[in-house]
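The values are calculated or read from the model by the stated rules, or taken from the named source; none is laboratory data. In this text the structure is predicted, and so the values were computed from the model without any measurement. Note: ideal-geometry Cβ built from the backbone for every residue, glycine included; neighbour counts use all protein chains shown.
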Amino acid sequence: MSPSKPTNELPATPVSTRVAAVLGIDPGSRRMGWGVVGCVGEQVRRVASGVIRLDARLPLPERLGVILREVEGLLDRYEPDEVAVETAFVRDNPRTALVLGQARGVPIALAAARSIAVREYAPALVKRHVTGSGRATKDQVGAMVALLLELSEPLQEDEADALAVALAHARAVSFAPVVEGSSQTVNAAVAEAAARPMTASQAWYAAVVQSASPAGRRKRRGR
C-alpha cells in the first residue's frame, strides 16, 4: 500500500473570502482517485489531488480500512462542503460490481456521517459536463480537465477522473459567490482565481457546454 500523495497543493494562508470546496472521488478497490476543487461563481481552481493506491494482495476488508483512513484524512484536511462520487459502471462481472460498490460506499458513508452533502454522477454525465460529449474518451477528459484547471503537469488517470467528477459537480450546481465554512487551504487556492476573468479556453468550454445543454439545443432549434 502506497500513501496518497497530493500534487500541486497550495499552502494555507489566511484570506477573508470563503469559497465552496468540492471533493471528487473516482472509486476503486485498488486505486481511488481524489481531487479537491474550490469554486467561486464561475471560477474553479484545483486545490489538491492524488491517488490512493492499495495493495491488491490484501484482503478486501483491509483495503476498505485503508480507504476509510485515507478519506477521513482528506475530509479532515480540506473540509469539503460537498462530495461528488462517480457511479459504478461494470458491464458483465457481478463480483467486480459488488467490490466496487463496497469501495464506493466508504467515502459516501464517511461524508454522510459528517452531514456533508453527497452527489453521485454517472460516467457519461461527467464526460458531458466536462467535454460537452457523453462519449468522450479518457484521454479527452484528461486533456479537458488540464485545460480547464490550467494545469501544466501531467495527471494520473484516476486523479484526472476524480477532478472531472468534481468539475462536473461544479458545473451542475450553482455555488453562491461566498460560502461560509470552507477551510483556509481551499480559500487560499481559489482566492487568486476568483479575481481573474475567465480565460479564453474556459470561455470556449463554457460556450461548448452551453450549446450542448437542453436549453442551448432549444435555442438553436428556435432560430
Practice prompt. State the number of residues belonging to segment 88-115 that are under 28 Å from VAL19 (Cβ atoms) and buried (at least 16 other Cβ atoms within 10 Å of the Cβ).
Written response: 6
Worksheet item: Can you tell me how many residues in segment 97-114 are assigned to a helix (DSSP H, G or I) and either modelled with pLDDT of 95 or more or among the aromatic types (Phe, Trp, Tyr) (or both)?
Response: 12
Worksheet item: Can you name the residue in segment 121-150 that is in contact with a Pro (Cβ under 9 Å, 6 or more places away or on another chain) and closer than 21 Å to GLY38 by Cβ and, of all such residues, is surrounded by the most Cβ atoms within 10 Å (Cβ to Cβ)?
Response: GLY142
Worksheet entry | Residue check, ARG69 closer than 19 Å to SER29 by Cβ, of a type outside the set (A, V, I, L, M, F, W, C) and in contact with a Leu (Cβ under 8 Å, 6 or more places away or on another chain) | no
Item to complete: May I ask you to list the residues in segment 46-69 that are touching an Asp or Glu at 6+ places or on another chain (Cβ under 8 Å) and not polar (S, T, N, Q)?
Response: VAL47, ALA48, GLY50, VAL51, ILE52, ARG63
Response to the item:
Condition set in a loop (DSSP other than H, G, I, E, B) and within 18 Å of VAL83 (Cα to Cα), scope segment 115-150, selection nearest to the chain's Cα centre (by Cα): answer is ALA122
Worksheet entry | Residue list for segment 62-89, filter: in a helix (DSSP H, G or I) and in contact with a strand residue (DSSP E or B) (Cβ under 8 Å, 6 or more places away or on another chain) | VAL66, ILE67, GLU70, VAL71, LEU74, LEU75, TYR78
Worksheet item: Out of ARG45, ARG57, which single residue is within 24 Å of SER152 (Cβ to Cβ) and charged (D, E, K, R)?
Response: ARG45
Fill in: The listed residue being under 16 Å from VAL47 (Cα atoms), surrounded by fewer than 16 Cβ atoms within 10 Å (Cβ to Cβ) and touching a residue at least 40 places away in the same chain (Cβ under 8 Å), out of GLU159, GLU153, GLU82
GLU153
Worksheet item: From the residues in segment 16-53 that are in a loop (DSSP other than H, G, I, E, B) and either surrounded by fewer than 16 Cβ atoms within 10 Å (Cβ to Cβ) or touching a Gly at 6+ places or on another chain (Cβ under 8 Å) (or both), which one is modelled with the highest pLDDT?
Response: ARG30
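Residue-wise test of (1) at pLDDT 95 or above; (2) out of contact with any Gly (no Cβ under 8 Å at 6 or more places or on another chain); (3) within 29 Å of GLY38 (Cβ to Cβ).
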site: ASP55; (1), (2), (3): yes, yes, no
site: GLY65; (1), (2), (3): yes, yes, no
site: ARG77; (1), (2), (3): yes, yes, yes
site: GLU82; (1), (2), (3): yes, yes, yes
site: ALA88; (1), (2), (3): no, no, yes
site: ARG95; (1), (2), (3): no, yes, no
Practice prompt. Kindly establish whether ALA88 is closer than 15 Å to LEU100 by Cα and either aliphatic (A, V, I, L, M) or in contact with a His (Cβ under 6 Å, 6 or more places away or on another chain) (or both).
Written response: yes
Fill in: Subset of segment 54-77 (residues that are within 30 Å of MET144 (Cβ to Cβ) and buried (at least 20 other Cβ atoms within 10 Å of the Cβ))
LEU54, ILE67, GLU70, VAL71, LEU74
Worksheet item: Looking at (1) farther than 23 Å from ALA168 by Cα; (2) at pLDDT 95 or above, which is the one condition that is false for VAL71?
Response: (1)
